[in-house]
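Below: one structure, written as structure tokens.
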Amino acid sequence: MTARLSSDAASRAQHPRRAIWGWALYDWANSAFATTVIAGLFPIFFKREYAAGLPAVESSFRLGVATSLASLVVAIASPILGAAADNHRSRKRWLLLSAALGITGVVALAQVGRGDWANAVLCFALANVGWSLANVFYDSLLVEVAPVDQRERVSSLGFSLGYLGGGLLFAVNVMMVQKPPWFGLHNAAAAVRWSFLSVAVWWLVFCIPLALWVKESSARAIPAAAAVAKSTLSQLAATFRTLLEDKRIFTFLIAYWLYIDGVDTVIRMAVDYGTSLGFPTKALISALLLVQFVGFPAALLFGWLGEKFGATKLVLIGIGIYALLTVFAAGMQNERQFFALAAVVGLVQGGVQALSRSIYSQLIPAERASEYFGFYGVLGKFATILGPVMVGTVARLTGSPRYGIVSIVPLFLIGGFLLTRVKLQRSAA
């Protein structure tokens, strides 16, 4: 407890307000990849360009497998790298290295030609690995920039800026795809590739505030590689035992694993699902834009409500809404219903993610945040291993994407139930 209180006091003393903004602006930076690439243009472009000629259910299956393999790599690497980052106080350094990998993958993706689905999958997976690993270190820096009594608000600020920044660039990218001549481009395929390049530039430029403004505790000297490996593995084993023995952390992680499976599957497969139902590209993209711009104020509102009424209550409300939305999506018939679903998702998506991060940051020791967030990331990534493959496989076996999407409802219900068993005790500010 003393270490936790000391860390929170240090946050206030050593990190001015601009450190919070520098940290939050990284969400503005990397959300362009989440919106334009993961959720928006890549699923559509993969079906129509990279996997041209494949049946819809087959391309969905391959996209799901690619996403899951990338998640598996992150699940294995994140706790190991997280422990190393904590031991040597190098969270920011690892964040920037991981972001560089993601940016490089996006640039490479823009060079892949029509029908070359294998290279498209490889570049997409590399970009996904870099993006996901960077998020582990980004999440762990929350304990550096925000005292415990401000975690809900600061965490929600990051997500809200992510919605706004990702939405703004996505809006420009959508205009590029819909009106290529306005940008001096020959066709929509060229516009998509230039959109991917714009994501890489956006991501790179808006990393700079975090690199300059967020100051970590003084770095420790890095010993020989063998000593690093030994100390890291030893620390991982000790932390894993603690996770198993601490009932609150263990129960929360299992709950999070289950309900975030559903949330991430909706994020990653929504456009693919709408495409399989035959909805036009323009409607799908417009719905994604709606999610982004509804999500910006909604995430801020969730942060305020979380401080006022408790983060756990707000997450439970969001999970319940997600379960209802998934049932609704299984019977969806027209574009108006897709827009209604998108609007409600925008209201709860960022709030569930932001407040989950805040809850976890209050359960763990601040001095080992990267390592603990590595395990947090592991469960999130194992969830995205299961979810997309489950949706894609069920759709393939049944011949209908509707059965695939409804199969994730129990994950929300069981996850929500387990979350009610976690009692959050806020430390003194």
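At-a-glance table
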| quantity | calculated |
| --- | --- |
| Filter result for the condition that a residue is closer than 30 Å to PHE183 by Cα, of a type outside the set (Ser, Thr, Tyr) and at pLDDT 65 or above, over ILE267, ILE249, ILE260 | ILE267 |
| Filtered residues of the range 127-142 (kept if touching a residue at least 40 places away in the same chain (Cβ under 8 Å) and not hydroxyl-bearing (Ser, Thr, Tyr)) | ALA127, ASN128, VAL129, TRP131, LEU133, ALA134, ASN135, VAL136, PHE137, ASP139, LEU141, LEU142 |
| Answer residue from the range 315-354, given it is part of a loop (DSSP other than H, G, I, E, B) and in contact with a helix residue (DSSP H, G or I) (Cβ under 8 Å, 6 or more places away or on another chain) and is least open to solvent (accessible area, probe 1.4 Å) among those | MET332 |
| Residues within the range 294-310 that are under 17 Å from the mean Cα position of the chain (by Cα) and among the aromatic types (Phe, Trp, Tyr), tallied | 1 |
| Residues that are aliphatic (A, V, I, L, M) and farther than 21 Å from TYR50 by Cβ, drawn from the range 175-219 | MET175, VAL201, LEU204, VAL205, ILE208, LEU210, ALA211, LEU212, VAL214, ALA219 |
| Qualifying helices (runs of 4 or more DSSP H) (wholly inside the range 31-114; at least 1 residues being more than 15 Å from LEU126 (Cβ to Cβ), over 20 Å from the mean Cα position of the chain (by Cα) and touching a residue at least 60 places away in the same chain (Cβ under 8 Å)) | 42-45, 56-87 |
| From VAL389, VAL409, residue being among the β-branched types (Val, Ile, Thr), open to solvent by 10 Å² or more (accessible area, probe 1.4 Å), modelled with pLDDT of 80 or more and more than 22 Å from ASP149 (Cα to Cα) | VAL409 |
| Residues located in the range 43-91, provided they are open to solvent by less than 10 Å² (accessible area, probe 1.4 Å) and among the aromatic types (Phe, Trp, Tyr) | PHE46, TYR50 |
| Any chance TRP94 is surrounded by fewer than 24 Cβ atoms within 10 Å (Cβ to Cβ) and at pLDDT 90 or above | yes |
| Condition broken by GLU245, with the remaining ones in (1) open to solvent by less than 30 Å² (accessible area, probe 1.4 Å); (2) within 30 Å of ALA85 (Cα to Cα) satisfied | (1) |
| Spans of helices (runs of 4 or more DSSP H) in the range 140-206 with at least 3 residues closer than 23 Å to GLY303 by Cα and open to solvent by 30 Å² or more (accessible area, probe 1.4 Å) | 151-178 |
| Residue that is nearest to VAL148 (Cα to Cα), among those in the range 280-321 that are modelled with pLDDT of 90 or more and touching a Gly at 6+ places or on another chain (Cβ under 6 Å) | LEU314 |
| Residue that is over 26 Å from LEU413 (Cβ atoms) and either in contact (Cβ under 8 Å) with a residue 40 or more places away in the chain or open to solvent by 60 Å² or more (accessible area, probe 1.4 Å) (or both), where the choices are PHE302, PHE309, PHE279 | PHE279 |
| Count - residues of the range 209-221 that are at pLDDT 90 or above and loosely packed, with under 14 Cβ neighbours inside 10 Å | 1 |
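This table checks each residue for (1) at pLDDT 85 or above; (2) among the hydrophobic types (A, V, I, L, M, F, W, C); (3) farther than 26 Å from LEU210 by Cβ.
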| site | (1), (2), (3) |
| --- | --- |
| ALA3 | no, yes, no |
| SER6 | no, no, no |
| ALA9 | no, yes, no |
| PRO16 | no, no, no |
| ALA19 | yes, yes, no |
| ASP27 | yes, no, no |
| ASN30 | yes, no, no |
| ALA39 | no, yes, no |
| PRO55 | no, no, yes |
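The values are calculated or read from the model by the stated rules, or taken from the named source; none is laboratory data. It should be emphasised that the depicted structure is a prediction, and the values quoted were computed from it without experimental measurement. Neighbour counts run over all protein chains shown; Cβ positions are idealised from the backbone, glycine included. Each accessible area value is taken on the protein alone, full model and side chains, heavy atoms only, with ligands, DNA and RNA left out. Shrake-Rupley method; radii C 1.70, N 1.55, O 1.52, S 1.80 Å.
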